[in-house]
Structures are given as C-alpha cells and as structure tokens.
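Read through the structure below, which is laid out as structure tokens, and then see the notes.
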Amino acid sequence: MKRHSLLTRLWHWLNALCVIVLFMSGLNISNAHRYLYWGNYGFDPADAWLVVPRFPGWMTIPGYYDLAGARGWHMLIAWPFALGLLAMWIAMLLSRHFWRDLRTTCAEWKPAAIWRDIVQHMKLDFSHPGAKYNFLQKLAYGLVLGVFLPLMIFTGMAISPGLEPAAPWLVEIFGGRQSARSIHFIVAWGTCAFFLVHIALVLLSGPVGQLRDMITGGRREA
Amino acid sequence: MKRRNLIAGMAGLFAAGCSKVADSKAGSALLSAAEDWHRKAHRALANRQALAPEFTRADLSPTFRGNGSLTVDTPFYREQLASGFPDWRLEVTGLVATPLTFSLENIRRLPQRTQITRHDCVEGWSAIGEWTGPQLSLLLDAAGVLPEANFILFRCADTLHGHRYYESIDMVDAYHPQTIVAHMLNGEPLPEKNGAPLRMRVERQLGYKHPKYLTAIEAVATLDGIEGGKGGFWEDQYGYQWYAGM
C-alpha cells in the first residue's frame, strides 16, 4: 500500500502552488491599503488596529506594485484552490482517510500524552508506530485543512461585494466586511506559519525520502 | 543572510515566471476568463434583483472618504460648484428612442430612492454612506433603451492621470433597483470630493465602478472602439477587472 494516495499527492502539490501564488499576490494587494480594521467600515489609518508593513517586490506577485495584476492572479488561483480543497474533503470523507488517519482521539488530548508528543518532537524523534500520524501532526493538518484553508475561502468570499447579496450572513458571521478582511489577513499568515514549520520538519525528518514519497507515493510502513 | 537571499531569489524567479504567464496570450486569456467565472457564479448564486445590504443611520461612517479624482479642474466646474450647478446637464443618449437631457432640478423632481450602503474600494477600505437619487432604470425607461443596447456607459467631467474618466456596466446592473444616480450623500448635496453634483451608485461592485461628476449616460451595443475599449478608465489604463464584484 502506498504511503500517500495519488489524490493526496495531486492535491498536495496543486494546493502548495495555489497557496504560494495566493499568498504572494495577496501581499501585493495588501500593499494597496496597509491598514486593517474591525467592523463594517474602515478607511482612516487612525482607526486601524494594525498598520501592515509594505511588502518588498521579491515577496509579491507581480514582483512590483500592481494591484490589478495581483488581483488577476488572486481571482484566477482562487478557483483551483477552493475547488481542490472541496474535492479533497469529499475524497477524505468517502475514503475514510480523515476518520482513520487524521481524526484525533480522546486519549490523545490528555495533557500527559500531548506533552509526551511535544518532547518526542523536541528530540526530533518522528516515529509514531501504530498510527499514520502522531497527535501534533493530526492537529496541524486538521487545523490547516479544516480551519485555516476553509477560512481563507469563506473570508475571501465575504469581502466580494458581488457575492454579498446572495449570502449576506457570510459577512455578518465574521462581524462585518473589514473584520472579514482582517481575518483573511491573519489566517493567511497562520497558513504561512504552518508552511514554514512544515518545511522545517520535512528538512529535519529526511527531506529526500519525504519529497520522494510525496511524488511517487512511497510505501506504507507495516 | 544567505538563506534569505536564496528564498528571495526563489520567490523572485517564481514571480518572474508568473509575469511571463500573465504576459502570454493564453495566460492573459485565462486571467480574464477567471473574471468571467466569478461574474457568472455571482449572477447564478444571487437573484438579479438581490440587494446589497442596507444599513441604518447608526452604522454610517463618521465621514465618507474621497478617492481618485477629488475635483474637476475646469473654470466651468468651479463656477457651477459655487452657484449650485444651475447649468449642469446630464444627457441620456446612445441607443435610445428619445435622447434626454436632465438638469439637476429635473433629477431632484423624479421619484427618489434613499439607501444606506457600504462602499468598498478596490484598495481594501470601506465607508458607509446614505445616498439619494432616482433609479437609473427610471432614466433609461424614460429615454427608451433600444433592444440592441448591451451596456450602459457613464461619461464624466473629471480627468485622472491625463485621461477622461468613464465607466460601464451591463444591463443586469443597470436595471438593478439599487443602481441610482445619486445627488445627495447623508442628506446633503453631494460633496465635491465625492462627485458633485451627480455620481453613480452600483452597489454590488467595487468603488471604481461608481463614476463621479457624471455628465452623460449612454446606451451602447459594444465597448469596442470606445476610449481604450475595455469599458472604463481603470480598465484601459491599468488593466483593472471590468467586473468588479470581487
């Protein structure tokens, strides 16, 4: 049996590409108005809860300030990103991948068990016999797949004025359009943080094998 | 520092690759196709007449930001602004049965709609204001739009970055109940920075689709051959999306 199914691998790389383009074009869009607000309105920097730094060209798509160009990329890649995640969730639920491998159990939530998992990570010991993923992995993947990425999609939809007449409740649950915009920004950086930790852990746990397995599928340890 | 340079280099290469794609014929076709998918999805999900949320006076933002053109730099405009726009005219022309000309007084005498809505700028900020004016559909019906018209074009008095401002919308937005020709903001005549004496409100789209200093409304069959051919100042000059519902 393969360690990663074909669908997991396809989605993983498609999603990685999407998240990178969305993040970098998003930083370009952020440069257009570098102030974040709570509530429905906000335009005065004096009311901002956060003044966002200006992101340099090497962090953005395009590599220079171009709001229209960045929005073009953002709106295009939003489609494969959102539809890909939807497809992945349907597949994970149907194949029981979620239930079998990603769901956490009550026992895993015991403080002592969590502590043991943290200590094990600190020692760079990534073995986890019996289950496909250890607790911290399940938590991280669950948070990204179930909370961060869906939140990016829903807050993105909430700040689209053309969609609002169809789903005004979507803006309301986030506490107004400027709140939705702020949450979009915060979760984008949360996703970026996951990305960095993810890369770091891949590098620490045998990057060649990890990369190979995410491409070829690898073989599942018995 | 070395690793940072490596990341910056990789990101730069990636961005350069994206620019290559965007500049290619297939790439730019794909980017504008995506804009169409958003418009079609929005139109499929929301009823044609579905309203943008309306707020109460308690929700108004303390002021309403002016952006883009903040005035019209002509002696005629200065003189009209000082005297309450007695000679300002709004034409309804193009593919219509009866071209019409409205004075500000005519506009004020038409049935009015007042709506408190949120204005979302493409840059990301939002302001909430109370707008008053006749529905665009009223003016269009009075002039009798011909069946071959597919777009409504808005001509403006202001010049931005050396080009005359203009915008356009399709018939779905033109006949939307909240699409009004506003002459009042928060119960007062429209301030200079917000487009005095007349501006459009197209509530389901971003701010650059709400042209200010309005002089003419034109029914057209196609946007080809008009100014830069992309249907608006920002679209022509800076490649902004014609559909600004996202």
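Read the figures in this text as sums done on the coordinates, not as results from a lab. Being a predicted model, the structure only gives us computed values, none of them experimental. With ideal geometry, Cβ positions are generated from the backbone for all residues, glycine too; neighbour counts draw on all protein chains shown.
At a glance:
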| quantity | calculated |
| --- | --- |
| Relative contact order for the stretch B:67-123, counting Cα pairs under 8 Å that sit 6 or more residues apart, in percent | 20 percent |
| For residues of A:44-52, the mean tally of beta carbons on other chains within 10 Å | 1 |
| Cα-based helix-to-principal-axis angle, A:6-30 vs chain A, degrees rounded to 10 | 30 degrees |
| Label-point gap, in nm, between A:Met122 and B:Asn5 - each point 7 angstrom along Cα→Cβ | 3.6 nm |
| Shape of the stretch B:57-180, Cα gyration tensor, a/c cut at 1.5 | rounded |
| Count, lysine Cα pairs under 20 Å in the protein assembly as shown, 8 or more residues apart or across chains | 13 |
| Contour minus Cα-Cα distance for A:Leu17 and A:Val202 (0.36 nm per residue) | 64.9 nm |
| Cα gyration tensor category, rounded, prolate or oblate, for the protein assembly as shown with a/c compared to 1.5 | prolate |
| Estimated vicinal HN-Hα couplings, Hz - the stretch B:164-175 in sequence order (Karplus 6.51, -1.76, 1.60; Gly, Pro = x) | 5, 6, 7, 8, 8, 9, 8, 5, 4, 6, 4, 9 |
| Estimated FRET transfer efficiency (B:Thr98, A:Ala32; beta-carbon r; R0 41 Å; 0.05) | 0.45 |
| Shape call, the stretch A:6-216: gyration tensor on alpha carbons, a/c limit 1.5 | prolate |
| Mean Cα-pair separation over length for chain A, i.e. relative contact order, pairs under 8 Å, 6 or more apart, % | 28 percent |
| Part-to-part distance (alpha-carbon centres) for the stretch A:146-222 and the stretch A:27-85, which is given in Å | 15 Å |
| Computed over chain B: relative contact order in percent, which uses C-alpha pairs under 8 Å that are six or more apart | 21 percent |
| Local electrostatic count at B:His183 - Lys and Arg +1, Asp and Glu -1, tallied over other residues with Cβ under 9 Å | +2 |
| CD proxy at 222 nm, helix term only [per DSSP H run n ≥ 4: -39500 (n - 2.57); per residue of chain B; nearest 500] | -9500 deg cm²/dmol |
| B:Asn106 paired with A:Leu93, simple spin-label distance in nm, labels 7 Å along Cα-to-beta-carbon | 5.8 nm |
| Value at 222 nm in deg cm²/dmol, rounded to 500, when DSSP H runs of n ≥ 4 in chain A each add -39,500 (n - 2.57) | -19000 deg cm²/dmol |
